[in-house]
Amino acid sequence: MEWKASYRLLNYCKHLFHRRSTPNFHYFKTFYTSGCRYYFNQPSVLIKPYIGNFQQAFQTFKHPFVSLGMHQRNRCRSQYRCFASQATIIQRRSDFSTISSEDLSYFKNILGERGVVQDEETLDAVNTDWMRKYKGTSKLMLQPRTAEEVSQILKYCNSRSLAVVPQGGNTGLVGGSVPAFDEVIVSLSHMSKIISFDKVSSVLVCEAGCILENLITFLDNQGFIMPLDLGAKGSCQIGGNVSTNAGGLRLLRYGSLHGSVLGLEVVLANGTVLDMLSTLRKDNTGYDLKHLFIGSEGSLGIVTKVSILTPPKLSSVNVCFLACKDYESCLKLLLEARRKVGEILSAFEFLDHDAMDLVLKHLEGVRNPFPSSMHNFYVLIETMGSNESYDREKLDAFLLHSMENDLMSDGVVAQDITQASSCWHIREGIPEALMKAGGVYKYDLSIPVEKMYDLVEEMRVRLDASAKVVAYGHLGDGNLHLNISTPQYDDNILAQIEPFVYEWTSKHKGSISAEHGLGLMKANKIHYTKSSETVQLMATIKKQLDPNGILNPYKVLPPSLLTKN
């Protein structure tokens, strides 16, 4: 019986992490995966029969640049662009200039030859988003190395009405980091210095081009961690994370970047450098302007430096992968986790049967944690604390209670780095598996958690057999990643999805963008979540900070609100 095996597993787990009772404790080792350093014993002989299916090589998912067909309708001309979302048809603003030889000479003068990129192969990559749904036609990428160079670029572009797209790691999913037309790409990749780190205050100050995984590694060596962790950490940059208010896998524990970011340095459209790079936890003098730029997707200014609060690295990290019979059981499990391990709970992720099936089919080396059967739902739980024996005792008690009360059908607890990384690889590998399966329509939604899966079920009824509906996400945050997977993009399927998905979300008081932003994909759909008065105030702020509208045009807000008279 599977439940008996799981029960024995949980009972055996109790002694594995205890210093006095674990015979293999002298083999204690430290490992690193999913943004944290893990501390695990080697598994004892007793437990091996029940976790043997997890013995596989360490794998870390990074966003690949997958070659899929671009979804663009043939009727779109050079002055009009159509994208894989209904009604996302925009016209290039006629008041924007095009690049001239004089412009190139100016940029080469301030950046040097190497800072001005016109190579076609390079430009093709930076013009195309990770999903390969959005492709611009920019003929120029600039690579500044200082905030002063960014300032000179923007001051000049503003005077010439040259539109600009700030770009970090280009891992976004809504077309926010690539040109819509021929905008100048300003890459922050060469601004990647760590400026300072204070262990006492635990504040890190760095440039916007620092790759998230590099910051995670640096902090790990100092005994700290980043407050956010993303599947794209090997490519994404902290400036882009801040500009999109990226959520990720640790938001349940550490909150959003609005709470973690203490200060910013931002360059405005006219070249003004705003020095808001505070490292203070408390500063109640006037308006806290940094929050305007967190999540503004580069439409109000370009973030060049970040000051961020980093939590201390905790010595005890546990990961478990559980199976549930229905969504209601997942919700009850979440409630129990908050009650029984709330003080150490750091992640509570879920995926459904179709998400697991997709990963098993399309990701190399992934194995089913429960090889004898497939389950309807799966939950990944991570805890982080400072007392190894206490944390494991709390987790085991929670798991036993959940099993006895029929909240879970089966479960495994990671005993080493191989198993922990395997658990996380299943969850983090879903986007890659979706890309390999063919076309995918992605929706990043915040929905009241008790209603979240209702949308998935209604979408399956609506689409019937024409597409596969895949659901996963951050259950602890009420964040659903709804994916409609098809062999290829199909306008008839899209018409069935939109605007239904936005109308349903709006009706249930949700948000059409939980953590991915609006970008090109959803700029015209902001009214589904925000009131007309709110959107109008946003447009007023945009016009005040960027009167010529050169910063990341056509994104975030409906272009019709920002058209110059």
Largest-first ordering by accessible area, 1.4 Å probe, given options 273, 266: 273, 266
Report, to two decimal places, the Cα Rg of the stretch 101-187 normalised by 2.2 N^0.38 Å (N = number of residues). 1.03
Ranked packing of 465-473, 523-531, 301-309, most packed first, by mean Cβ within 10 Å: 301-309, 465-473, 523-531
Mean 1/r over distinct Cα pairs of the stretch 422-565, inverted to a Kirkwood Rh in Å, yields 16.6
Can you tally the net charge around residue 561? Count Lys and Arg as +1, Asp and Glu as -1, for every other residue whose Cβ sits under 10 Å from the Cβ of residue 561. +2
Step through the table entries 135/509; 313/340; 394/522; 139/507; 133/325, compare each Cα-Cα distance with 31 Å, and write down the pairs that go over it. 135/509; 394/522; 139/507; 133/325
Just the accessible area for residue 218, please: 1.4 Å probe, Å², rounded to the nearest 10? 60
Can you give the percent of C-alpha pairs in the stretch 316-508 whose distance is more than 31 Å? 18
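To the nearest 0.05, how large is the calculated FRET efficiency for residue 338 and residue 121 if R₀ is 41 Å and r is the Cβ-Cβ distance?
0.25
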Violating pairs (Cα-Cα greater than 18 angstrom) within the set 530/555; 155/193; 108/555: 155/193; 108/555
Using only the alpha carbon atoms of the stretch 194-309, find the Kirkwood hydrodynamic radius as the inverse mean reciprocal pair distance, in angstroms to one decimal. 14.2
For every other residue with a beta carbon closer than 9 angstrom to the beta carbon of residue 212, add +1 if it is Lys or Arg and -1 if Asp or Glu, then tell me the sum. -1
Along the stretch 491-501, Karplus-curve 3J(HN,Hα) (6.51, -1.76, 1.60; θ = phi - 60°) to the nearest Hz, with x for Gly and Pro, reads 4, 5, 5, 4, 5, 6, 7, 10, x, 3, 4
Probe 1.4 Å, protein heavy atoms only - accessible area per residue of the stretch 101-187 in square angstrom: 37
List the residues, sorted by chain then number, that are 5 or more residues from residue 90 or on another chain and whose placed amide H is less than 5 Å from its amide H. 81
Honestly the stretch 344-444 on the Cα gyration tensor test (a ≥ b ≥ c root eigenvalues; a/c under 1.5 rounded, otherwise a/b vs b/c for prolate or oblate) is just prolate
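Grab the other residues whose beta carbon is less than 12 angstrom from that of residue 385, score K and R as +1, D and E as -1, and report the net.
On the way: positive: 253, 313, 392, 394; negative: 343, 382, 388, 391, 393.
Net charge around residue 385: -1.
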Give the cross-link partners of residue 361 among the lysines, using a straight C-alpha distance below 16 Å as the criterion and excluding same-chain residues fewer than 8 apart. 436, 468
Please list, in chain and number order, the residues 5+ apart from residue 519 or on another chain whose amide H is under 5 Å from its amide H, with Hs placed from the backbone. 556
Looking at the stretch 276-320, I'd like the Rg to Rh ratio, where Rg is from alpha-carbon atoms and Rh is Kirkwood's inverse mean 1/r. 1.13
How do 422, 506 rank by accessible surface area computed with a 1.4 Å probe, from largest to smallest? 506, 422
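The values are calculated or read from the model by the stated rules, or taken from the named source; none is laboratory data. Bear in mind the structure is a predicted one, so any value in this text is a computation, not a measurement. Heads up, the Cβs are rebuilt from the backbone with ideal geometry, glycines too, and the neighbour counts pull from every protein chain shown. Please note that ligands, DNA and RNA were not included when accessible areas were found on the heavy atoms of the full protein model with its side chains. Shrake-Rupley method; radii C 1.70, N 1.55, O 1.52, S 1.80 Å.
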